[in-house]
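Since every read-out is calculated from the coordinates, none of them should be taken as a lab result. These numbers were taken from a predicted model, which means no experiment stands behind them. All Cβ positions, even for glycine, are placed from backbone atoms using ideal geometry, and neighbour counts span all protein chains on display.
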Amino acid sequence: MAGLDAVDCLDVFASAEVVVGNDTGLTHLAAMTERPDESGPHVIGLYGRHAHTKWITGNARHHAIATPFSQMMALADRCPVRDHLDDALWSDSADLTGITAEIVADFAIELAGW
């Protein structure tokens, strides 16, 4: 869906039951999307390097699937950028490829009640 502006994205998000995205502004925008009836899509954010607990919006429909590294950052209240952590030491535990499509699909199915 190239060429969409923020308003177009909101329309797409509002029409969805589930939105999956990495830890970016668009994923956060999807989590804040609200339909006229105050419902909205369930949003699954994929968190690799940063603490999912710091970057989730707090909306009840915003969920996280986090790598072991992201979970460790959350538990330790650390940030790889702020704390100058060497990615070469931790790269395997921060790799999003460890989050399989099956894990994401199963969680989406559960959230949507399919």
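One table, with the values for the structure above:
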{"quantity": "The chain: relative contact order in percent, alpha carbon pairs under 8 Å with at least 6 residues between", "calculated": "21 percent"}
{"quantity": "Karplus-derived HN-Hα couplings along the range 91-104 (A = 6.51, B = -1.76, C = 1.60, θ = phi - 60°), whole Hz, x at Gly and Pro", "calculated": "4, 5, 7, 9, 6, 5, 5, x, 8, 6, 4, 5, 4, 5"}
{"quantity": "Net charge contributed by nearby residues that have their C-beta within less than 11 Å of Pro80 (K/R +1, D/E -1)", "calculated": "0"}
{"quantity": "Within the chain: Cβ-based charge dipole about Cα centre, in debye rounded to nearest 20 (Lys, Arg +1; Asp, Glu -1)", "calculated": "280 debye"}
{"quantity": "Inter-site label distance for Leu26 and Val104 at 7 Å from Cα along Cβ, in nm", "calculated": "1.2 nm"}
{"quantity": "Fraction of alpha-carbon pairs over 16 Å apart in the range 19-114 - percent", "calculated": "57 percent"}
{"quantity": "GNM top mover of Gly58, Gly48, Gly40 - the chain, alpha-carbon springs below 10 Å", "calculated": "Gly58"}
{"quantity": "Residues His42, His84, sorted so that the one with the fewest Cβ neighbours within 10 Å comes first", "calculated": "His84, His42"}
{"quantity": "Karplus (6.51, -1.76, 1.60) ³J(HN,Hα), θ = phi - 60°, over the range 15-31, in Hz, Gly and Pro reported as x", "calculated": "8, 9, 8, 9, 10, 10, x, 7, 6, 9, x, 5, 5, 5, 4, 4, 5"}
{"quantity": "Potential extension, Ala6-Ile65 segment - 0.36 nm per residue separation minus Cα distance", "calculated": "18.8 nm"}
{"quantity": "Amide proton proximity set for Ala64, modelled H, under 5 Å, gap of 5+", "calculated": "Gly45"}
{"quantity": "Helix-only CD estimate at 222 nm, as mean residue ellipticity for the chain, using -39500 (n - 2.57) per DSSP H run (n ≥ 4)", "calculated": "-10500 deg cm²/dmol"}
